[in-house]
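Contents: one structure, followed by commentary.
Each reported figure results from applying straightforward, stated rules to the coordinates on display, with no laboratory input. Because the structure is a prediction, the values reported are computed rather than measured. Cβ atoms come from the backbone with ideal geometry, glycine included; neighbour counts cover every protein chain shown.
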Amino acid sequence: MISINDLTFLIGSRALYDEANWHIKPGDRVGLIGANGTGKSTLLKIIVGEYGPSSGSISMSKDLKIGYLNQDLLSYDSHHSILHVAMEAFERQNQLHDEIEELLKKIETDYSEDVLYKLSDKQQEFEALDGYSIEYRANEILAGLGFSTEDQHRPLNTFSGGWRMRVMLAKILLQTPDILLLDEPTNHMDLPSIKWLETYLGSFEGAIVIVSHDRYFLDKVVNKIVESRKGKLTPYSGNYSFYLEEKSLRGEIQKGEFKNQQAKIKQEERLIERFRAKASKAKMAQSRMKALDKMERVEDVDDDNPTVNFQFKFSKPS
Ligand SMILES: Nc1ncnc2c1ncn2[C@@H]1O[C@H](COP(=O)(O)OP(=O)(O)O)[C@@H](O)[C@H]1O
Ligand SMILES: [Mg+2]
């Protein structure tokens, strides 16, 4: 559904991504991980089109509805109640609601059939879109994210950043997107809300991409990991625990290959050294040196692994 092809993204002269590739398929549940500053948030912004790639391309199915929870949403502000803000998700229903109100007013003085037909059309569409249940649906999701009925009528700007973030999450979930891109959604959440989100995402049928450092959360919610590291995106076909095992396995293999190659290089260098000393073998030394230069090198394993967070944060609405 989304294809990232040979993506290069430059910040100044530094390549944050260097010909990275990734295919997101329908129903994929992916944890996007990587050390801070490796470009996870930037990648999500490239996917939604906020940033353009320096080279390479992003392609996606037409009409794909993306629900994107951005860390910058923390600063979103409104004097409307959070229930109202969450219900802004239902754009068409809200528009129909206003139009119906207007027609009902009109009908008090204007008895023409035209107005009546219009009204009945709008009401039918409103009903088809479950317009009468939007408040209930918003209530339900907000309650799941820890807002009491009373809280739901308080203006957004009376809540702290973390709680405002949950309102934005509620709004995004209500839009029933085909794919969710969530950038560190649990950062400002308490345990019950994290549990609620786990359950919610468990029954979510679209694709999910979550940036998170919370391995317990990832283990519950995702079945694939993509690691952002050194400009590349590397897939692992399991949850976070699988990733750790697989990574150490791949690391062992790479370490072995590195050691073998180093031994081979040393031997070759000794040989070249000896050949070079003899005039009759100088040519051979030269060609072996060239071959050695061209040899594709196995890199040693370094352990700049992403940090994971083993702590849960607790907080109350404020
Ligand atoms: N608009 C920008 N201008 C300049 N540098 C940026 C911009 N956005 C991000 N960066 C830099 O790009 C790198 C990756 O950032 P980010 O995508 O936020 O990483 P992550 O989410 O993996 O921690 C960081 O070094 C950051 O400082
Ligand atoms: Mg980030």
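Which one, 295, 168, 189, has the greatest fluctuation when you compute a Gaussian network model over the chain with C-alpha springs under 10 angstrom?
295
Rounded to the nearest 5, what is the percent of antiparallel bridges among the DSSP beta bridges in the chain?
Of those bridges, close to 50 percent are antiparallel.
Out of 209, 226, 301, any idea which swings most in a Gaussian network model of the chain, alpha carbons joined below 10 Å?
301
Once you have a ≥ b ≥ c as the square roots of the Cα gyration tensor eigenvalues for segment 59-109, tell me rounded if a/c is under 1.5, and otherwise prolate or oblate according to whether a/b is larger than b/c.
It is oblate, given that a/c is not under 1.5 and a/b is not larger than b/c.
Just want the ordering: 132, 68, 240, 51, from fewest to most Cβ atoms lying within 10 Å of their own Cβ.
Ranking 132, 68, 240, 51 by Cβ neighbours within 10 Å, fewest first, gives 132, 51, 68, 240.
With only alpha-carbon atoms in the gyration tensor, what are the semi-axes of the equivalent ellipsoid for segment 244-294, in Å, largest first?
So the three semi-axes of segment 244-294 are 34, 9, 4 Å.
So what does the Cα-only Debye profile of segment 1-60 read at q = 0.22 Å⁻¹, as log10 I(q)/I(0), no solvent term?
-0.91
Excluding same-chain residues fewer than 8 positions from residue 266, which lysines have a Cα within less than 24 Å of its Cα?
Partners found: 255, 278, 281, 283, 290, 294.
Connecting C-alpha atoms closer than 10 Å in a GNM of the chain, tell me which of 265, 66, 179 has the biggest fluctuation.
In this elastic network of the chain, the residue with the biggest mean-square fluctuation among 265, 66, 179 is 265.
Quick one: which residues, 5+ away or cross-chain, put their amide H under 5 Å from the amide H of residue 214? H built at 1.01 Å from N.
The list, which skips near neighbours in sequence, is 309.
Under the rule of at least 5 residues apart or a separate chain, name every residue whose amide H is placed under 5 Å from the amide H of residue 2.
Correct list: 24.
By count of other Cβ within 10 Å, fewest leading, how are 149, 199, 186 ordered?
Lowest to highest Cβ neighbour count: 149, 199, 186.
Quick check on the chain: take the gyration tensor over C-alpha atoms, sort the square-rooted eigenvalues as a ≥ b ≥ c, and tell me if it's rounded (a/c under 1.5), prolate or oblate.
prolate
Sum -39500 (n - 2.57) across every DSSP H segment of at least 4 residues in the chain, then divide by the residue count to get the 222 nm mean residue ellipticity, nearest 500.
The per-residue figure over the chain is -14500 deg cm²/dmol.
Give the order of 166, 297, 215 when sorted by the count of other beta carbons within 10 angstrom, beginning with the fewest.
Details: 166 26, 297 9, 215 19.
Listed from fewest to most nearby Cβ atoms, that is 297, 215, 166.
Distance check, please: which entries in 25/122; 45/220; 195/230; 25/259 exceed 29 angstrom between their Cα atoms?
From 25/122; 45/220; 195/230; 25/259, over 29 Å: 25/122; 195/230; 25/259.
What's the percent breakdown of Cα-Cα distances in segment 215-268 across 10 Å bins, shortest bin first?
Pair shares across the bins are 23, 37, 23, 13, 4.
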